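S.K.: Before I ask anything, let me first share the structure, which is written out below as structure tokens.
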Amino acid sequence: MTATTDGSAGAMGPRTTAASDTTTHAPGGLEEAAARATERSIAHLLGRQDAEGWWKGDLETNVTMDAEDLLLRQFLGIRDEATTLASALHIRGQQREDGTWATFYGGPGELSTTIEAYVALRLAGDRPEDPHMARAAAWIRDKGGIAAARVFTRIWLALFGWWKWDDLPELPPELIFLPKWFPLNIYDFGCWARQTIVPLTVVSAKRPVRPAPFALGELHTDPERPSPVKPLAPAASWDGAFQRLDKALHVYRKVAPRRLRKTAMNVAARWIVERQENDGCWGGIQPPAVYSLIALRLLGYDLEHPVMRAGLESLDRFAVWREDGSRMIEACQSPVWDTCLATIALADAGLPADHPALVRAADWMLDEEIVRPGDWTVRRPGLPPGGWAFEFHNDNYPDIDDTAEVILALRRVKHPDPSRTEAAIARGGRWTLGMQSKNGAWAAFDADNTSPFPNRLPFCDFGEVVDPPSADVTAHVVEMLAYEGRAQHPRTRRGVEWLLAEQEPNGAWFGRWGVNYVYGTGSVVPALTAAGLPRSHPAIRRAVAWLESVQNEDGGWGEDLRSYKPQPWLGRPASTASQTAWALLALLAADGRDSKAVGRGVAWLAATQNADGSWDEPYFTGTGFPWDFSINYHLYRQVFPLTALGRYVNGEPTVSREA
């Protein structure tokens, strides 16, 4: 994707108007305001640390997580009234006036999300004639009905006979036998996708149907013919080729040798069980856990089997119970990520390096180090393990982004056992260097996970299913390597060269894991300056000019998720605490604290801070998949503003280590 070249933040629209001019603060007044805001923020963040040393904010996504949790429980026969009512309370609370559900705050209604939410509320006892349900059903029909929903939604409906298995793309379990060099083998998929696809091959082969507790005719545009035939694309096109491959796989299903298919499903089951984490989850994320439990149940695993029992218990830990009695399901949990970012924020804000809170955080992060091989060894078989994952438990899939930031965090702490810290950092740094892709950049989980084929499958019509390198992850790695004294290391220089080549024409960088160009640019500029690029470098100056051009009139920065769409969005992106902080981190690295844009941004953060030292931010500024799956990290609005304010008050952290 590319940013627009008219100075806007991707698809960001006109700048917002401010209620008051935050640039009127005198320099001394601004410094005092920033210092007070920093102190309040420090106190707030320290008060949120767990006794064990970690931080974790809620990870809010959309109601498909809650709907699919109820559908899973219905399928397994374990749905209970209390859980159902609490989940339904949350789902109803997210419905919009037009009857739809969106995938992010302020976003448009989304068809598949609305269908799944509607079905979940039917399970909870809501009636089709209820006004809120009738509005939803009418909107669904207007958008094409169930037939227009994504594949994953129709899989859930097929489990209960609300959709025909024959009208879904085929996903054969024999996929597990494809060698690692063969196109479309499971390791061509990103780690989150392969963990989902392997169990789904079992589900696709078994084609189970549980008795539906009610009909869903009201969600079809034509109840008599709910499965329209879609025309084939030209055979010479990629889409046409893969559509015909899917037709061939449907034929193969009818003639597949039973012994081969049974063996494939057993191998898939073994693959699934081997990747279950110590706490019972799979990959620390909810979707693979849900499909793995269904697949294993279909293969005869009793609900009291230790694997199944642990898996179900792990799902309960994804539930966030609210004071109003509602229950929200997190798609994932982010304690390692939140803890390293909080540590960096507090240290840069001036907390002493040996402060007990920082030492506790470092102890916890050191305990979370991953020292055994995982699936990443398929591409890097000789690389010794090291690094950190995102979640409490995900030893199979440490990620490069977390590892870089954890190392940056550990360097800010004066630990009583420095040899332990040094050893962990050495292992993490070595592993990170080894995970560099051939093009000189870094992805989140795998090296060279760039096959063009998985996204072409008719099955894969939602989100990203490969893990190519991104500017934000590469920037964090380059920044970490620079602080480790490796700014001139050949691998670091290749990363810098890749980042320079990836800059958009308007001066921004695309943000893969945060929204969007503000996040990408806020990640890359501090990395480039840490790696030795002078502030006068043309790439730095273009980035500064772009950030200044998209600053809101109130002094902050904001960017809507619609910047991921190719069409310009003419809305008004409200300033947010996290995005303002990202822009400030770039500008502070490039121009220091005397920039007018920096002063206005700092003033906005100070003026919008709550009395308890926190910031409010309903907007989603994180991404799982750009546009398709958006995230509101509830701790982002606390840690990033504190980091920016701390660097404004105390200056940029220095690169002090020798190569």
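The values are calculated or read from the model by the stated rules, or taken from the named source; none is laboratory data. Bear in mind the structure is a predicted one, so any value in this text is a computation, not a measurement. Backbone-built Cβ (ideal geometry, glycine too); neighbour counts: all protein chains shown.
S.K.: Mind checking which residues of the stretch 424-469 are of a type in the set (S, T, N, Q) and surrounded by fewer than 24 Cβ atoms within 10 Å (Cβ to Cβ)?
M.R.: 436, 437, 439, 450, 451, 455, listed by residue number.
S.K.: Given the criterion in contact (Cβ under 8 Å) with a residue 40 or more places away in the chain, buried (at least 20 other Cβ atoms within 10 Å of the Cβ) and farther than 22 Å from residue 254 by Cβ, identify the matching residue among 149, 193.
M.R.: On inspection, the qualifying residue turns out to be 193.
S.K.: Follow-up question, since we're still on this one. Out of the helices (runs of 4 or more DSSP H) lying entirely within the stretch 433-537, which hold 2 or more residues that are farther than 21 Å from residue 647 by Cβ? Outline the logic, then answer.
M.R.: Values: elements: 471-483, 490-502, 517-530.
In the stretch 433-537, 471-483, 490-502 are the helices (runs of 4 or more DSSP H) which contain 2 or more residues that are farther than 21 Å from residue 647 by Cβ.
S.K.: In the stretch 171-200, how many are under 25 Å from residue 117 (Cα atoms) and β-branched (Val, Ile, Thr)?
M.R.: Here the count works out to 2.
S.K.: Let me ask something additional. Can you find even one residue in the stretch 80-95 that is closer than 17 Å to residue 60 by Cα, surrounded by fewer than 16 Cβ atoms within 10 Å (Cβ to Cβ) and out of contact with any Ser or Thr (no Cβ under 6 Å at 6 or more places or on another chain)? Before you say what the answer is, go through the steps one by one.
M.R.: Keep residues of the stretch 80-95 that are closer than 17 Å to residue 60 by Cα, which gives 86-95.
Now restrict to residues that are surrounded by fewer than 16 Cβ atoms within 10 Å (Cβ to Cβ): 93.
Of the ones still in play, those that are also out of contact with any Ser or Thr (no Cβ under 6 Å at 6 or more places or on another chain) are 93.
Within the stretch 80-95, one or more residues are closer than 17 Å to residue 60 by Cα, surrounded by fewer than 16 Cβ atoms within 10 Å (Cβ to Cβ) and out of contact with any Ser or Thr (no Cβ under 6 Å at 6 or more places or on another chain).
S.K.: Kindly provide the set of residues from the stretch 580-597 that are surrounded by fewer than 24 Cβ atoms within 10 Å (Cβ to Cβ), farther than 19 Å from residue 654 by Cα and of a type outside the set (D, E, K, R), ordered by number.
M.R.: Matches in the stretch 580-597: 595, 597.
For every residue, the table says whether it meets (1) without any contact (Cβ under 8 Å) to a residue 60 or more places away in the chain; (2) among the β-branched types (Val, Ile, Thr); (3) over 19 Å from residue 136 (Cβ atoms).
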site: 58; (1), (2), (3): no, no, yes
site: 72; (1), (2), (3): no, no, yes
site: 78; (1), (2), (3): no, yes, yes
site: 81; (1), (2), (3): yes, no, yes
site: 93; (1), (2), (3): no, no, no
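S.K.: On to the next question. Hey, among the residues in the stretch 484-513 that are buried (at least 24 other Cβ atoms within 10 Å of the Cβ) and in contact with a strand residue (DSSP E or B) (Cβ under 8 Å, 6 or more places away or on another chain), which one's farthest from residue 629 (Cα to Cα)?
M.R.: It comes out as 511.
S.K.: Output the residues belonging to the stretch 101-159 that are of a type in the set (Lys, Arg), in a helix (DSSP H, G or I) and over 24 Å from residue 208 (Cα atoms).
M.R.: Passing the criteria: 135, 141.
S.K.: Still on this structure, please answer the following. Residue 540 fails exactly one of the following numbered conditions: (1) among the hydrophobic types (A, V, I, L, M, F, W, C); (2) in a helix (DSSP H, G or I); (3) buried (at least 24 other Cβ atoms within 10 Å of the Cβ). What is the number of that condition?
M.R.: (3)
S.K.: A further question follows. When the stretch 271-292 is examined, which residues are found to be of a type in the set (A, V, I, L, M), more than 22 Å from residue 174 (Cβ to Cβ) and assigned to a helix (DSSP H, G or I)?
M.R.: We begin by selecting, within the stretch 271-292, every residue of a type in the set (A, V, I, L, M); these are 272-273, 285, 289-290.
Adding the requirement that they be more than 22 Å from residue 174 (Cβ to Cβ) leaves 285, 289-290.
Within the stretch 271-292, 289, 290 meet the criteria.
S.K.: Condition first: assigned to a helix (DSSP H, G or I), touching a Phe, Trp or Tyr at 6+ places or on another chain (Cβ under 8 Å), within 30 Å of residue 89 (Cβ to Cβ) and of a type outside the set (Gly, Ala, Ser). Now tell me which residues in the stretch 298-329 satisfy that.
M.R.: Selection gives 308 alone.
S.K.: Can you find, within the stretch 404-432, the residue that is nearest to residue 338 (Cα to Cα) among those that are assigned to a loop (DSSP other than H, G, I, E, B) and not basic (Lys, Arg)?
M.R.: 413
S.K.: Determine which single condition residue 42 fails, assuming it passes every other condition in (1) assigned to a helix (DSSP H, G or I); (2) more than 30 Å from residue 365 (Cα to Cα).
M.R.: Here residue 42 clears every test but (2).
S.K.: Also, I was wondering about something else. Would you point out the residue of the stretch 439-470, among those that are among the aliphatic types (A, V, I, L, M) and under 15 Å from the mean Cα position of the chain (by Cα), that is nearest to residue 168 (Cα to Cα)?
M.R.: Ranking the candidates gives 465 first.
S.K.: In the set 267, 273, which member is at pLDDT 95 or above, over 30 Å from residue 88 (Cα atoms), surrounded by 13 or more Cβ atoms within 10 Å (Cβ to Cβ) and in contact with a Pro (Cβ under 9 Å, 6 or more places away or on another chain)?
M.R.: The match here is 267.
S.K.: Please enumerate the residues belonging to the stretch 602-650 that are within 30 Å of residue 64 (Cβ to Cβ), of a type in the set (Val, Ile, Thr) and in a helix (DSSP H, G or I).
M.R.: 639
S.K.: Hey, another quick one. Looking at (1) touching a residue at least 12 places away in the same chain (Cβ under 8 Å); (2) more than 30 Å from residue 179 (Cβ to Cβ); (3) loosely packed, with under 15 Cβ neighbours inside 10 Å, which is the only condition residue 365 fails?
M.R.: (3)
S.K.: Given (1) surrounded by fewer than 19 Cβ atoms within 10 Å (Cβ to Cβ); (2) touching a Ser or Thr at 6+ places or on another chain (Cβ under 9 Å), where does residue 168 come up short, assuming only one miss?
M.R.: Failing condition for residue 168: (1).
S.K.: Go through the stretch 543-583 and count every residue that is assigned to a helix (DSSP H, G or I) and touching a Pro at 6+ places or on another chain (Cβ under 6 Å).
M.R.: 3
S.K.: Would you please name the residue that is modelled with the highest pLDDT, looking only at residues in the stretch 630-659 that are surrounded by fewer than 20 Cβ atoms within 10 Å (Cβ to Cβ) and of a type in the set (D, E, K, R)?
M.R.: Across the stretch 630-659, the extreme among qualifying residues is 652.
S.K.: If you go through the stretch 296-308 one residue at a time, do you hit one that is farther than 27 Å from residue 206 by Cβ and out of contact with any Pro (no Cβ under 7 Å at 6 or more places or on another chain)? Spell out the reasoning first.
M.R.: Residues of the stretch 296-308 that are farther than 27 Å from residue 206 by Cβ, as a first pass: none.
No, every residue in the stretch 296-308 fails to be farther than 27 Å from residue 206 by Cβ and out of contact with any Pro (no Cβ under 7 Å at 6 or more places or on another chain).
S.K.: So is residue 627 on the phi > 0 side of the Ramachandran plot, assigned by TED's automatic domain parsing to the domain that holds residue 488 and surrounded by 18 or more Cβ atoms within 10 Å (Cβ to Cβ) or not?
M.R.: For residue 627, the condition - on the phi > 0 side of the Ramachandran plot, assigned by TED's automatic domain parsing to the domain that holds residue 488 and surrounded by 18 or more Cβ atoms within 10 Å (Cβ to Cβ) - is met.
S.K.: Additional query: Being crowded, with 24+ Cβ neighbours inside 10 Å and of a type in the set (Asp, Glu): is that true of residue 479 here?
M.R.: yes
S.K.: Regarding residue 417, is this residue more than 30 Å from residue 627 (Cα to Cα) and modelled with pLDDT of 95 or more?
M.R.: Spelling it out, residue 417 is indeed more than 30 Å from residue 627 (Cα to Cα) and modelled with pLDDT of 95 or more.
S.K.: Related question: Which of (1) in contact (Cβ under 8 Å) with a residue 60 or more places away in the chain; (2) of a type in the set (Lys, Arg); (3) more than 25 Å from residue 59 (Cα to Cα) is the odd one out, the single condition residue 512 does not satisfy?
M.R.: (3)
Table: residues versus (1) within 22 Å of the chain's Cα centre (by Cα); (2) under 22 Å from residue 536 (Cα atoms); (3) of a type outside the set (Ser, Thr, Tyr).
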{"residue": "587", "(1), (2), (3)": "no, yes, yes"}
{"residue": "599", "(1), (2), (3)": "no, yes, yes"}
{"residue": "610", "(1), (2), (3)": "no, no, yes"}
{"residue": "629", "(1), (2), (3)": "yes, no, yes"}
{"residue": "639", "(1), (2), (3)": "yes, no, yes"}
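S.K.: Scanning for something among the small types (Gly, Ala, Ser), modelled with pLDDT of 95 or more, surrounded by fewer than 21 Cβ atoms within 10 Å (Cβ to Cβ) and within 19 Å of residue 538 (Cα to Cα), does the stretch 516-526 turn up at least one residue?
M.R.: Scanning the stretch 516-526, I find no residue that is among the small types (Gly, Ala, Ser), modelled with pLDDT of 95 or more, surrounded by fewer than 21 Cβ atoms within 10 Å (Cβ to Cβ) and within 19 Å of residue 538 (Cα to Cα), so the answer is no.
S.K.: Scanning for something under 29 Å from the mean Cα position of the chain (by Cα) and within 21 Å of residue 246 (Cβ to Cβ), does the stretch 125-144 turn up at least one residue? Step through it out loud before you land on a result.
M.R.: Within the stretch 125-144, the subset under 29 Å from the mean Cα position of the chain (by Cα) is 136, 139-140, 143-144.
Retained after the next criterion (residues that are within 21 Å of residue 246 (Cβ to Cβ)): 144.
Looking through the stretch 125-144, at least one residue is under 29 Å from the mean Cα position of the chain (by Cα) and within 21 Å of residue 246 (Cβ to Cβ).
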